[in-house]
Structures are given as C-alpha cells and as structure tokens.
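*Asks:* Here's a structure for you.
The values are calculated or read from the model by the stated rules, or taken from the named source; none is laboratory data. Since the model is a prediction, treat every value here as computed from it, not as a measurement. Cβ atoms come from the backbone with ideal geometry, glycine included; neighbour counts cover every protein chain shown.
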Amino acid sequence: MTVDTAAPAPQATASGAGEHRSFKPRYPAWLALPSLAYQIIFFLGAMAILVAFSFATQTGFNQITYGFSLEQYKAVLDPTYLGIFVRTLAMAAGGTLLTVVIGYPVAYWMARYLGDKKLLALLLIIVPFWTSFLIRTYALKIILDSNGFVGQTLHLDIMYSAWAVGIGLVYNYLPLFILPVFSSLERMDWTLIEAANDLSAKPFSAFRQVTLPLTLPGFVTGALLVFIPMTGEYVVPAILGGGKFVFIGNVIGDAFNSAQNPPFGSALAISLMLALSIFVVIYILVATKEERFGS
Amino acid sequence: MTDANDFDVEFRGITKRFGDVAAVNNVTLQVRKGEFLSLLGPSGCGKTTSLRMIAGFEQPDEGELLIGGKDAVGVPPYKRDVNTVFQSYALFPHKSIIDNVAFGLKQRGEGKAERRAKATEALELVQLSHRADDRPTMLSGGQQQRVALARALVMNPRVLLLDEPLGALDLKLRKEMQFELKRIQEHVGITFVYVTHDQEEALSMSDRIAVMSNGVIEQLDEPRAIYDNPKTAFVAGFIGEMNFLTGTVTSANDGHWTVDAGVGVPVQGFGAAPLNEKVRVGLRPERLVVTPNSDETGTNRVLSTVLSKMYLGDQIQFVVTLPSGATVIAIEQRASVDPATDNIKPGDRVTVSWDAHAPLLLGIVDADKSNSTDTSTTKETR
C-alpha cells in the first residue's frame with residue numbers, strides 16, 4: 001500500500017476518546033442457556049452422531065457396527081469422489097465470483113444512485129426470497145429449458161450442464177451477497193470519493209483504494225454467505241444438473257437415502273466440512289490482509 | 001486591463017442551475033495570485049457551489065471558468081491543480097494519518113521515500129508529525145482538520161479551496177485555527193479561496209471578501225472597505241450590525257448630503273446622493289453616541305428614549321426609540337464613556353448623536369419592495 005507504516009497498536013493517548021468505558025453485561029448469563037441447549041442438542045449432538053457414523057462400518061442392510069474405522073475416509077479419497085469434491089468447490093468458487101461480479105455493481109447502484117427508491121429496489125430483491133427455493137429453481141428450469149420460450153428464441157441448450165447449474169446458483173444466492181454489501185455501501189461517506197478525486201485519484205482508482213476497502217467487511221460477509229451454502233448445494237444440481245452434473249451434496253444425499261450407507265455419507269459430510277473450513281480460513285486471511293479495521 | 005495570467009481563478013459570467021434555481025447567477029470573479037479570498041454569505045447564497053465548480057465537482061451551465069489562465073470547464077477534479085479542505089474533513093478512515101497525507105502524492109506517482117518525506121514535512125507544518133501512525137478516528141476534531149489541511153497543502157496546489165473548514169469546531173478552537181490558517185497561508189504563499197458564513201472569520205483572515213447573496217456577488221472588496229463602505233443594504237446588514245433608516249434626499253452638494261429620515265432631525269453624511277430619491281441609510285451601532293439628556297438637538301443629534309439596556313461586560317448595548325418611533329441599537333465601549341452614560345436606565349431621555357462620517361448611503365429604495373418601510377433592522381448578535 002502507501003508509505004508503509006507498522007500497524008498502530010491502539011495506545012491510550014490523552015486525546016483518545018473514551019478509553020476507559022466498561023462493557024459489563026447487564027443481564028445474567030444464564031439467560032443464554034436455552035439457546036446454548038438448543039445448539040448443543042441439535043448442532044453439536046447431530047455433529048457427534050455424524051462423526052460416530054463416519055468411523056463406523058456398514059455390516060449389512062441398515063446395520064451399523066460402531067468402532068474406529070478409517071474405511072469410509074479411504075473411500076472418500078477415491079478419485080471419483082475427489083473429482084466431485086473438486087467440482088463442487090470449483091463450481092461454488094465460480095458461482096461466488098459470478099455473484100460478486102453481478103451483485104456488487106447492483107448494490108453500488110442501489111446505494112449510490114437510487115435515492116428514495118432504494119427501499120423499493122431492496123424489496124424487489126428480497127421478494128423472490130419469499131418463494132420456496134425449490135419452486136424458484138423449477139421456475140428457472142422452465143426458463144432455461146431448450147424447449148421453453150427463452151430456449152427456443154435464443155437457441156439455448158444448456159440444461160443439465162455446468163452452465164445451468166451455475167446460473168441456478170447465482171440466481172438463488174445473489175440477494176445474500178447484495179444485502180450485506182448494500183448495507184456497507186449505505187454507510188459509505190461519498191465525500192471520501194470526492195476527496196480521493198480531488199487528490200488526483202481517477203474514478204476507478206478511488207474505488208479500489210477507498211470504496212472497496214471500506215466496504216470489505218460487507219464484501220467478505222456476503223461472499224461467505226454465498227460460498228458456504230453453494231458448496232453444500234443439493235437442489236440446484238439435482239434439478240438443473242439432472243443427475244448428470246452432481247455436487248458432493250447429491251452424493252451425500254444418495255449415500256443416506258438410496259444407498260442406505262450412513263457411514264460413507266457421514267465421512268463425505270465431515271470431509272466437506274474440513275475442506276470448507278480450510279478454504280474459508282485462507283479466504284478470510286487473504287481478503288483482509290491489506291486492510292485491517294479498527295472499529 | 002490586466003493579463004489573465006495574473007489570476008489563479010477566473011469566473012466569466014458563470015451560471016449554475018439546480019432545477020429551476022440558479023445557485024450561481026452570472027458571476028464574474030477574479031482570484032489574484034497568492035491572495036486569501038473569502039466567499040461569504042448565508043446558506044444557499046451560492047458560495048459552496050462556486051467553490052465546488054473550482055474544484056471540478058460541479059460544472060457550470062454557462063460562462064467560462066479559468067484556472068491558471070486555462071479553460072477548466074469539463075476538466076475532472078483529478079486533473080485540476082487545486083485541492084480542497086472539506087467541511088467534514090473527509091479523511092480516509094482506513095488509512096493512517098501519514099498515508100492520508102501522502103495519498104495525493106501516491107496518485108501522482110511519486111516515490112515512496114519522497115512522499116513520506118513530503119508528508120512528514122506537511123504534518124510538521126500543522127504540528128502533528130507525532131501522530132503520523134495513528135488512525136483519523138483517534139484524533140480530535142481540530143487535529144483532524146489540520147490533517148485535512150496538510151493533505152491538501154502537501155500537493156502544493158495552485159489554489160487551496162476551503163469549505164467552511166472551521167464550522168465543526170468550538171469557538172475557542174476556531175479562533176486558534178483562524179490564526180493558524182492565516183500563518184500557514186502566509187508561510188506557503190498559496191492562493192486560498194475560503195468559504196464561510198461567519199463574517200468575523202472572513203474579516204479576520206481575508207485579503208479580500210466576496211459577499212454573496214442569492215447567487216450573485218453583492219460586493220468584492222477588502223475587509224475594511226466591506227465593513228466601512230458597504231455598497232448594498234444586504235452587505236451592510238450581513239457584515240456586523242447595522243441600523244437602517246429610510247428617507248428622502250433633501251439636499252446633495254459639495255460632497256454632502258442630507259436625508260429626511262423622519263427622526264426629527266436631518267441626517268447628514270458625506271458623499272454623493274441622488275436628490276429627491278428615497279434612499280436607505282445605515283448607521284453602525286458603535287458609531288452612535290448615547291449621552292444623558294442635554295435638550296440640545298440638531299443635525300445628526302436627536303433626543304430619544306431608552307427602551308432597554310444590556311451589559312455585555314466590556315460594552316453596553318442600548319436599544320433606543322427615536323422620535324419617529326423607530327428603534328435603533330447603540331453600542332458604547334465602557335472604557336471610553338463617562339460614568340453618567342454607565343448609569344442610564346431604561347425610560348431615560350437621552351441624546352443620540354453621530355459623526356457625519358457615520359451615516360452610510362446604501363442605495364435607492366425600490367418602491368415595489370415590501371421591506372422598504374422598515375426603518376430598523378439589525379443582524380448578527382454577538
């Protein structure tokens with residue numbers, strides 16, 4: 001960046017305002033217990049079952065022997081499944097990228113140029129969310145179908161391909177990116193852009209050096225909100241990929257439902273979580289490397 | 001005429017409209033090299049719009065704008081040799097103080113070592129080099145203001161634009177910063193165009209003041225001339241306090257004029273006046289002398305009644321009713337009045353007198369204007 005200086009540790013200086021404010025909790029901690037109990041039972045409990053399953057072995061139809069077996073994880077490393085893993089992460093990454101490319105300009109336009117029509121635009125973006133995910137995806141199928149109106153007019157034949165799945169992903173998750181980015185753009189002081197232009201920064205340069213870093217928290221949040229569910233996507237590849245373009249989520253679903261093999265499904269699910277965690281940690285580190293915010 | 005290059009900024013018949021409203025209406029203005037020029041006026045007078053046109057944030061609808069003798073219409077802000085100090089400071093919150101100051105130099109492509117050296121020097125000028133690595137939010141308002149100043153000055157622009165830079169500071173700090181700004185301007189020798197609605201600020205710092213109202217420049221002159229010889233009633237009322245009287249010119253010769261303002265005595269002043277026309281006359285409160293009743297009346301000397309009296313510490317402010325029924329404000333310096341004046345009470349009969357140099361002729365009263373009847377309007381209390 002500019003003239004490099006060490007990141008300043010917030011020192012207590014005479015002019016710094018309000019250094020000694022205390023934030024003691026005003027309510028007793030046990031009020032958080034119901035939520036904690038819920039989390040423990042339905043999240044950690046379910047996780048524990050999943051972990052137990054993943055180390056178990058399938059001994060017959062609907063029969064499981066618990067133990068500590070790495071059989072299922074070895075099966076996960078089979079090239080077929082590794083390929084699906086890579087495809088899932090690549091599709092989610094590509095879908096996220098596309099969502100960012102489409103969503104950021106929309107959020108920017110809404111926040112900066114819509115004035116009092118902002119709320120209407122926000123509503124238009126949220127309203128489709130009130131419809132079931134499944135129905136929206138089926139609706140998209142009608143639009144993308146090569147025998148449908150759009151498909152016939154534009155001679156599109158993309159159903160059951162990476163393109164159809166990609167479009168489905170972006171369409172379904174776009175609002176989840178637009179909303180947090182919009183809210184950080186809303187808080188943006190546009191005088192800063194005038195100041196940057198005044199100091200010889202061209203418009204795009206001012207955007208890169210001022211707007212983007214200042215809206216980075218919304219950007220990072222939005223991208224994660226989109227990327228994480230995309231990796232676990234099940235409905236979109238099933239409907240728009242038609243079984244020809246499966247995600248790891250579909251394989252997990254099959255393992256539990258049609259194959260009746262919970263240990264393998266669990267091992268896949270745990271592996272996906274691990275892969276995702278590594279991915280997300282790297283992403284956050286890279287995304288916030290340049291600019292760290294002090295409140 | 002002077003050469004265009006003598007001026008850092010030149011407006012030639014510039015008009016800027018927002019919808020149907022002309023925020024700036026056919027303004028012609030020349031900013032001289034190295035001067036401290038203030039654009040002074042109430043909100044909505046067009047001063048900030050004028051400044052933003054020089055900065056390049058707004059483009060004029062009509063007229064020519066020259067910066068350094070060159071046509072600047074359509075030139076974007078990042079290509080102009082001017083820099084702005086914003087009212088809200090507009091410091092980049094995600095950058096350290098030194099990075100804020102070096103931002104412009106970086107855009108220009110200056111090397112790291114060079115911009116660091118220049119930025120440090122600029123911070124020294126505003127006495128903030130010890131806060132170089134802090135974030136803007138860790139600084140007080142006054143300090144942030146000085147960083148904003150350093151960030152613009154480090155660019156060494158042809159013209160520095162300041163948009164009410166002291167508006168958000170408290171009174172004491174504002175006074176200190178006025179001195180500071182003037183000192184810095186004299187030190188760096190850069191042309192300053194300063195927007196403010198605070199007449200005291202403009203009077204104390206400027207080489208020249210352009211008083212603006214409704215999109216036009218009412219008067220452009222040195223501070224003393226603006227105060228002593230306001231050309232219009234607006235300027236007279238906006239700068240300092242002013243009592244207004246209206247009356248007809250009864251005589252005008254040999255550089256003297258007399259106006260019958262209905263106060264019981266003729267009001268006489270120096271200068272030329274349009275005979276038999278209805279004119280507005282201004283009297284500064286501090287030019288009125290209040291003395292205990294002496295029954296002696298005459299030209300520029302009128303018997304009146306004290307309506308109210310207010311101690312302001314070093315001064316006394318009287319509101320006095322003239323025989324015509326009009327009220328005027330008179331301010332006496334307590335250090336220079338005799339104890340008798342100090343003891344005057346509301347209801348007392350007093351003599352109000354003034355020097356023949358005090359009355360200011362402020363132009364012909366337009367008969368159509370509804371406010372032509374008011375005889376006493378004052379503005380700006382301290």
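*Asks:* From the set of residues in segment B:119-168 that are free of Cβ contacts under 8 Å to residues at least 24 places away in the same chain and in a loop (DSSP other than H, G, I, E, B), which is farthest from the other protein chains (Cβ to nearest Cβ)?
*Replies:* Among them, the one singled out is B:GLN127.
*Asks:* Give segment A:242-264 a look and list any residue that's of a type in the set (D, E, K, R) and part of a helix (DSSP H, G or I), or say none.
*Replies:* Within segment A:242-264, just A:ASP254 meets the criteria.
*Asks:* Something else now. Being at pLDDT 90 or above, closer than 17 Å to B:ASN243 by Cα, surrounded by fewer than 19 Cβ atoms within 10 Å (Cβ to Cβ) and of a type outside the set (Lys, Arg) narrows it down to one of B:LEU288, B:LEU307, so name that one.
*Replies:* Exactly one of B:LEU288, B:LEU307 is at pLDDT 90 or above, closer than 17 Å to B:ASN243 by Cα, surrounded by fewer than 19 Cβ atoms within 10 Å (Cβ to Cβ) and of a type outside the set (Lys, Arg), namely B:LEU307.
*Asks:* Please go through segment B:126-167 and pick out each residue that is closer than 22 Å to B:VAL193 by Cβ, in contact with a helix residue (DSSP H, G or I) (Cβ under 6 Å, 6 or more places away or on another chain) and either surrounded by fewer than 18 Cβ atoms within 10 Å (Cβ to Cβ) or among the basic types (Lys, Arg) (or both).
*Replies:* Within segment B:126-167, just B:ARG151 meets the criteria.
*Asks:* Among the residues of segment B:269-285, how many are crowded, with 17+ Cβ neighbours inside 10 Å and more than 20 Å from B:ILE344 (Cα to Cα)?
*Replies:* 8
*Asks:* Any residue that is modelled with pLDDT of 85 or more, under 17 Å from B:LEU245 (Cα atoms) and out of contact with any Gly (no Cβ under 6 Å at 6 or more places or on another chain) - is there at least one of those in segment B:339-351?
*Replies:* So far as segment B:339-351 goes, no, none of its residues is modelled with pLDDT of 85 or more, under 17 Å from B:LEU245 (Cα atoms) and out of contact with any Gly (no Cβ under 6 Å at 6 or more places or on another chain).
*Asks:* A further question on this structure: For the condition among the β-branched types (Val, Ile, Thr) and within 8 Å of another protein chain (Cβ to nearest Cβ), what is the one hit in A:VAL226, A:VAL236, A:VAL220, A:VAL210?
*Replies:* Result: A:VAL210 is the single residue among A:VAL226, A:VAL236, A:VAL220, A:VAL210 that is among the β-branched types (Val, Ile, Thr) and within 8 Å of another protein chain (Cβ to nearest Cβ).
*Asks:* I've got another one for you. Which one of these does B:LEU173 not meet: (1) surrounded by fewer than 21 Cβ atoms within 10 Å (Cβ to Cβ); (2) in contact (Cβ under 8 Å) with a residue 60 or more places away in the chain; (3) assigned to a helix (DSSP H, G or I); (4) within 14 Å of chain A (Cβ to nearest Cβ)?
*Replies:* (2)
*Asks:* Give the number of residues within segment B:291-302 that are surrounded by fewer than 18 Cβ atoms within 10 Å (Cβ to Cβ) and over 24 Å from B:ALA335 (Cβ atoms).
*Replies:* 5
*Asks:* Restricting the search to segment B:69-115, which residues are of a type in the set (Val, Ile, Thr), touching a residue at least 24 places away in the same chain (Cβ under 8 Å) and farther than 14 Å from A:ILE193 by Cα?
*Replies:* B:VAL82, B:ILE97, B:ILE98, B:VAL101, listed by residue number.
*Asks:* Also: Identify the residue in segment B:310-335 that is touching a Leu at 6+ places or on another chain (Cβ under 9 Å) and under 19 Å from B:ASP355 (Cβ atoms) and, among all such residues, is surrounded by the fewest Cβ atoms within 10 Å (Cβ to Cβ).
*Replies:* For segment B:310-335, the residue satisfying everything is B:ILE331.
*Asks:* If we scan segment A:188-197, do we find a residue that is touching a Ser or Thr at 6+ places or on another chain (Cβ under 6 Å), β-branched (Val, Ile, Thr), surrounded by fewer than 21 Cβ atoms within 10 Å (Cβ to Cβ) and within 11 Å of another protein chain (Cβ to nearest Cβ)?
*Replies:* Yes.
*Asks:* Condition first: of a type outside the set (S, T, N, Q) and not in a helix (DSSP H, G or I). Now tell me which residues in segment A:188-203 satisfy that.
*Replies:* If the condition is that a residue be of a type outside the set (S, T, N, Q) and not in a helix (DSSP H, G or I), then A:MET188, A:ASP189, A:TRP190, A:LEU199, A:ALA201, A:LYS202 are the ones that fit.
*Asks:* Any chance segment B:207-230 includes a residue that's over 28 Å from B:VAL21 (Cα atoms) and of a type in the set (Val, Ile, Thr)?
*Replies:* Scanning segment B:207-230 turns up no residue that is over 28 Å from B:VAL21 (Cα atoms) and of a type in the set (Val, Ile, Thr).
*Asks:* From the list A:ALA238, A:ALA223, A:ALA267, which residue is over 20 Å from the mean Cα position of the chain (by Cα), part of a helix (DSSP H, G or I) and either closer than 26 Å to A:LEU98 by Cα or not polar (S, T, N, Q) (or both)?
*Replies:* Result: A:ALA267 is the single residue among A:ALA238, A:ALA223, A:ALA267 that is over 20 Å from the mean Cα position of the chain (by Cα), part of a helix (DSSP H, G or I) and either closer than 26 Å to A:LEU98 by Cα or not polar (S, T, N, Q) (or both).
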